[in-house]
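To keep things clear, I will list the structure first and then write my remarks on it.
We did not get these values from a lab; they are worked out from the coordinates using the rules stated. Nothing here was measured: the structure is a model prediction, and the numbers come from that model. Quick reminder, even Gly has a Cβ in these numbers, built from the backbone with ideal geometry, and neighbours come from all protein chains shown.
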Amino acid sequence: MKAEELKERAKNGKNLTKEQRRRALKEELKESGDRPNSEMAELFNVSERTIYRDRRAIRKELTDTLLNDYGLAGALWVEYRKTRKELEKVKERAEKADDMDLFRKAAKDKWKVTTDFYDRILESQVVNRINELEEKVKRSDNREV
């Protein structure tokens, strides 16, 4: 089922599976940008906490994809560009509203997301390195036998 059909089902009050909802949410975020969790929760008839969890899962999936496709340097560059672009949007809105506290809060929130992203990358790099070392040990053990 396409993301549009899934969104329509959700709007009509029909429950979606977790996978369907995440796929539709991912598509909705691509189309409409960064909408608040409250709006998304209303759209998909779930709690804001569920949307928060879905967004985290989507980010994790994206991180894994970036690492597989572009390696560590590419993943870091893509995340940097995305973060900078989002902060520029928030800065423009804050300047229009004459509310620089909004910008400071957004920058702080973005920093938290970015550090979570970096932590995931480093964790996956460590796990990959451990797996490589285990394979080397197994190969050397097999040679000795």
(message) Cβ neighbours within 10 Å, averaged per peptide: list 60-70, 29-39 in order, most packed at the top.
(response) 60-70, 29-39
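Pairs 82/105; 30/91; 7/85: which are spaced more than 22 Å apart, C-alpha to C-alpha?
Details: 82/105 17 Å; 30/91 20 Å; 7/85 27 Å.
Over 22 Å apart, Cα to Cα: 7/85.
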(request) Work out the FRET efficiency for residue 27 and residue 130 from their Cβ-Cβ distance, taking R0 = 41 Å, and round it to the nearest 0.05. (result) 0.70
(message) Net charge around residue 2, counting only other residues with Cβ within less than 12 Å of its Cβ (Lys, Arg = +1; Asp, Glu = -1)?
(response) -1
(message) Could you check the spin-label model distance between residue 84 and residue 37? Points 7 Å from the Cα along Cα→Cβ, value in nm.
(response) 2.9
